[in-house]
Amino acid sequence: MPSRTRKFRGLRTHGRGIKAGRGAGKQGGRGNAGLHKYKFKSMLIYAPDHFGRHGFKRPPEIVATPVAVNVGGLERLVPRLKAAGALSEAAGTAVADLSRVGIERLLGGGSVSRKWRIFVAHASSRAKEKVELLAAAPAPEPAPATP
């Protein structure tokens, strides 16, 4: 008895019809092919939201993205603050107006190395806590002079 392959030699479709043996022909394509044509009714039943736009995207010009800096990055801003005239020293405390250099938010990442008094539009609670904790700490006493 000949094998099945040998049996169909010379027959163009090997007994499968015109497209059944080639790729995804008999099932009407692969994946979502034909959802706007011959699979339209199934799309309406099983995936009615497949086509069209959904949701709302705010225009980029009205989305507010405030410029923020961490408490730990204040030391890196000192040259920029001095150039803008937004930094001054008063009784061992650095007084900075961040709004004059375009910074709108102060965040609590990092640590501070000296006392700061900062003017800014918004500050996180952690940033306030770190700046106030350092401001509330007593100043270190100078070493006694040796005769």
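Would you be able to tell me the number of residues in region 104-117 that are assigned to a loop (DSSP other than H, G, I, E, B) and within 27 Å of the chain's Cα centre (by Cα)?
Filtering region 104-117 down to residues assigned to a loop (DSSP other than H, G, I, E, B) leaves 104, 108-115.
Applying the additional criterion that residues be within 27 Å of the chain's Cα centre (by Cα) yields 104, 108-112.
Looking only at that region, the number is 6.
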Problem - Residue that is of a type in the set (D, E, K, R), within 29 Å of the chain's Cα centre (by Cα) and within 30 Å of residue 113 (Cα to Cα), where the choices are 89, 75 - result: 75
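Looking at residue 83, is it within 30 Å of residue 115 (Cα to Cα) and touching a residue at least 24 places away in the same chain (Cβ under 8 Å)? Steps first, please.
Values: within 30 Å of residue 115 (Cα to Cα): yes; touching a residue at least 24 places away in the same chain (Cβ under 8 Å): no.
Taking the combined requirement at face value, the residue does not satisfy it.
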Problem - Hits in region 84-137 (condition: out of contact with any Pro (no Cβ under 9 Å at 6 or more places or on another chain) and β-branched (Val, Ile, Thr)) - result: 93, 95, 101, 112, 118, 120, 131
Exercise for the section: Go through region 105-116 and count every residue that is of a type in the set (Lys, Arg) and closer than 13 Å to residue 75 by Cα. Expected result: 2
Practice task
Go through the residues of region 60-80 one by one and say whether even a single one is touching a helix residue (DSSP H, G or I) at 6+ places or on another chain (Cβ under 8 Å), farther than 30 Å from residue 130 by Cβ and of a type outside the set (Val, Ile, Thr).
Solution key: no
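Within region 23-46, identify whether any single residue is under 32 Å from the mean Cα position of the chain (by Cα), of a type outside the set (A, V, I, L, M, F, W, C) and closer than 30 Å to residue 13 by Cβ, and answer yes or no. Break it down stepwise before answering.
First pass over region 23-46, keeping only residues under 32 Å from the mean Cα position of the chain (by Cα): 31-32.
Now restrict to residues that are of a type outside the set (A, V, I, L, M, F, W, C): 31-32.
Then drop every residue that is not closer than 30 Å to residue 13 by Cβ, which leaves 31-32.
Scanning region 23-46, I find at least one residue that is under 32 Å from the mean Cα position of the chain (by Cα), of a type outside the set (A, V, I, L, M, F, W, C) and closer than 30 Å to residue 13 by Cβ, so the answer is yes.
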Completion exercise
The one condition residue 104 fails out of (1) of a type outside the set (S, T, N, Q); (2) without any contact (Cβ under 8 Å) to a residue 12 or more places away in the chain; (3) touching a helix residue (DSSP H, G or I) at 6+ places or on another chain (Cβ under 9 Å) is (2)
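Give the residue that is modelled with the highest pLDDT, with candidates limited to residues of region 37-81 that are among the β-branched types (Val, Ile, Thr) and out of contact with any strand residue (DSSP E or B) (no Cβ under 8 Å at 6 or more places or on another chain). Break it down stepwise before answering.
Step one: filter region 37-81 for residues among the β-branched types (Val, Ile, Thr), giving 45, 62-63, 65, 67, 69, 71, 78.
Still in the running and out of contact with any strand residue (DSSP E or B) (no Cβ under 8 Å at 6 or more places or on another chain): 45, 62-63, 65.
On the way: 45: 96, 62: 91, 63: 89, 65: 87.
Selected residue: 45.
The values are calculated or read from the model by the stated rules, or taken from the named source; none is laboratory data. Every value quoted in this text rests on a predicted model; they were computed, and no experiment measured them. Every residue, glycine among them, receives a Cβ derived from its backbone with ideal geometry; neighbour counts consider all protein chains shown.
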